[in-house]
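Q: Below is the structure I would like to discuss, written out as structure tokens.
The values are calculated or read from the model by the stated rules, or taken from the named source; none is laboratory data. As the structure is a computational prediction, the values presented were derived from the model and not from experiment. Because the Cβ atoms are built from the backbone with ideal geometry, glycine has one as well, and the counts that use them run over all protein chains shown. In case anyone asks, the SASA skips ligands and DNA or RNA and just uses the protein heavy atoms, side chains included. Shrake-Rupley method; radii C 1.70, N 1.55, O 1.52, S 1.80 Å.
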Amino acid sequence: MEFSEHIKTANVEDVVLRRPFHPPTQGTLCVTGHHLLFSNRDGDSSRLVLLLLRNIDAIEKSVENLLGYSSLFSSTGQSQRPSGSSGTITLKCKDLCVLQLDIPGMEECLNIARSIEHLSSLDIVSDMYPFFYRPLTLSLQDQWGLSSPEQNYAQMEELQDRWRLSHVNKDYSVCPSYPPAVIVPHSIDDETLVKVAKFRQGGRFPVLCYYHRKNGMVIMRSSQPLTGANRKRCREDELLLQAVIDGSGLGYIIDTRSNQQAQQARMTGGGFESKSSYSCWKRLHRQLERGKVLQESLIKLVEACGDHSHSVDRWLSKLENSKWLSHVHTALATAGLLAECVERDGHSVLVHGSEGTDTTLLVSSLAQLILDPNTRTLAGFLGLLEREWLLAGHPFQQRCAHSAYSHARLRLEAPVFVLLLDCVWQLARQFPLAMGFSEPLLLRLAMEVYASDYGTFLCNSDQERCAAGVKERTHCLFQFLLKPSERERYSNPLYEPTELAIWPSVQPQSLQLWRGLFLRWTQHAVHLEKAQEELRNLVIECRGAS
């Protein structure tokens, strides 16, 4: 693709940039294939602004005629511009920042706006910036991911008597959204897995995602069974689930849909595990919203956080009406239930919704953070995201195509990953010593998932990333975050490892709005960030002195 085709005006002088925490600045605006570059008039490189076009969620433009003279900023005071035409472009970004560009000349303004509209919504993966990003400190020869299913399995020697590594999906033909290798019960052969995959939506048959070393119980995940209105059975599926709990008596199925939703799914070919066919499994329904409902909740929340015209009572009402904290509550409560089944009750659990690519991954990830201290280190947390989101097939490209400002018709977008990060922030706030990483890491991930220099969150599955050459032609964000300089920035200086589970409170007074994300572009957030940085430096100094 020739990016120049979409750039009618590449440079404009005398543009005024307005952005949070900075006075209006006059300078030169440049449009490239992937960035907007703004350099101020005095040539101070520290005030250079580089905006990744992929980060732009919505563009609003207006054009007006100027009568007489218009005052602009200059290094010597005020200068005057002759009458003519002018335009304003408001850029609403996926990281929730809002910028404004005042551009002299109607034609220049419209050309810039059209260029941004085209270049910020590229659909072809190989045209996106991660395929062009070449920093001097990184090499494409570096290892791309953190680990593989084979490495994860090899590290869990205690489960290898009853569990095996299957390569039945080595060519992605059994399940397009699974990785090439998965962990399944030792007694279940690959032929059986193929039959089970045909009985589960999207081929997502039950696979192991967590082994609890304390008691040998496991967490499995899958998609819904395709029982349909005729209540079709699959002996192989029943055999697989029986093998999971063989010798332990009872297992739990946590369905992230309501009982009514699961019943309705049968009318369209889906369904749930019936008591008669899965007599050793007890089914629990915990409804977690997904899709359009979750996306609209984010939109309402961001709207409330950006509206400063209301009283406190009115603002709190809008915050409550967004229902975002209700989604946080439900996710943490369901993950706590799952963890309780494994740790306190001593039973294995299968978790699924319908597709098994959204709320299923949300709940399984949070439950592992509650139970497993290894997932609470910086490297362990990034490894968890790689296993439970990247390799497990969360469709990042579909879910994160737009954020909260877009005027496009939203179809497949849903901020499930942002909801996960919010829940992790709640855990870290309640247990400030238990997490080896800090809030800046969560904020970085919330930004990178929508627009990134790295290829980590591109595409919708491991298969798509391999087909697009993502692992060979882009850099890995997680590997970069684990470099010594970055590790220090994102580590928690208060971290005190514990082998205990961390049980979150989900009482209303225990859950708070994540101000660092949703109010990050307000003056309040700036003061909070400075205070946190000073506290961090103080802790590091004290530990160094001791």
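Q: Take the conditions open to solvent by less than 40 Å² (accessible area, probe 1.4 Å), under 19 Å from Trp281 (Cα atoms), in a loop (DSSP other than H, G, I, E, B) and assigned by the TED database to the domain that holds Val351 and apply them to Gly249. Does it pass?
A: no
Q: So Phe417 passes all but one of these: (1) of a type outside the set (D, E, K, R); (2) without any contact (Cβ under 8 Å) to a residue 60 or more places away in the chain; (3) surrounded by fewer than 20 Cβ atoms within 10 Å (Cβ to Cβ); (4) outside any loop (DSSP other than H, G, I, E, B). Which condition number does it fail?
A: The failed condition is (3).
Q: Only one of these is of a type in the set (Ser, Thr, Tyr), part of a loop (DSSP other than H, G, I, E, B), in contact with a Cys (Cβ under 6 Å, 6 or more places away or on another chain) and not assigned by the TED database to the domain that holds Lys94: Tyr495, Tyr450, Tyr454. Name it.
A: One residue alone meets the criteria, Tyr450.
Q: When you look at Asn65, is it within 17 Å of Glu108 (Cβ to Cβ), modelled with pLDDT of 90 or more and open to solvent by 90 Å² or more (accessible area, probe 1.4 Å), yes or no?
A: It is false that Asn65 is within 17 Å of Glu108 (Cβ to Cβ), modelled with pLDDT of 90 or more and open to solvent by 90 Å² or more (accessible area, probe 1.4 Å).
Q: Something else now. For the condition among the acidic types (Asp, Glu) and either buried (at least 17 other Cβ atoms within 10 Å of the Cβ) or within 18 Å of Leu419 (Cα to Cα) (or both), what is the one hit in Asp307, Asp313, Asp358, Asp345?
A: The unique qualifying residue is Asp358.
Q: Follow-up question, since we're still on this one. So how many residues does the range 4-31 have that are within 32 Å of the chain's Cα centre (by Cα), assigned to a loop (DSSP other than H, G, I, E, B) and buried (at least 17 other Cβ atoms within 10 Å of the Cβ)?
A: Selection size over the range 4-31: 2.
Q: Between Lys282, Lys323, Lys275, which is at pLDDT 95 or above, over 22 Å from Leu517 (Cα atoms) and either among the basic types (Lys, Arg) or open to solvent by less than 30 Å² (accessible area, probe 1.4 Å) (or both)?
A: Exactly one of Lys282, Lys323, Lys275 is at pLDDT 95 or above, over 22 Å from Leu517 (Cα atoms) and either among the basic types (Lys, Arg) or open to solvent by less than 30 Å² (accessible area, probe 1.4 Å) (or both), namely Lys282.
Q: Follow-up question, since we're still on this one. Does Ile188 satisfy the condition of being out of contact with any Gly (no Cβ under 9 Å at 6 or more places or on another chain), crowded, with 17+ Cβ neighbours inside 10 Å and either on the phi > 0 side of the Ramachandran plot or free of Cβ contacts under 8 Å to residues at least 40 places away in the same chain (or both)?
A: When the stated conditions are applied, Ile188 does not pass them.
Q: Tell me yes or no: at least one residue of the range 164-177 is under 30 Å from Asp453 (Cβ atoms), in a loop (DSSP other than H, G, I, E, B), among the small types (Gly, Ala, Ser) and in the same structural domain as Trp389 (by the TED database).
A: So far as the range 164-177 goes, yes, one or more of its residues are under 30 Å from Asp453 (Cβ atoms), in a loop (DSSP other than H, G, I, E, B), among the small types (Gly, Ala, Ser) and in the same structural domain as Trp389 (by the TED database).
Q: Could you check, for the range 101-119, whether at least one of its residues is in a loop (DSSP other than H, G, I, E, B) and in contact with a helix residue (DSSP H, G or I) (Cβ under 6 Å, 6 or more places away or on another chain)?
A: Scanning the range 101-119 turns up no residue that is in a loop (DSSP other than H, G, I, E, B) and in contact with a helix residue (DSSP H, G or I) (Cβ under 6 Å, 6 or more places away or on another chain).
Q: For the range 376-392, indicate whether the set of residues that are closer than 20 Å to Val449 by Cβ, assigned by the TED database to the domain that holds Arg257 and in a loop (DSSP other than H, G, I, E, B) is non-empty. I'd like the intermediate steps shown before the answer.
A: Initially, the range 376-392 is screened for residues closer than 20 Å to Val449 by Cβ, giving 378-392.
Retained after the next criterion (residues that are assigned by the TED database to the domain that holds Arg257): 378-392.
Next, from what is left, pick out any that are in a loop (DSSP other than H, G, I, E, B): 391-392.
Yes: one or more hits.
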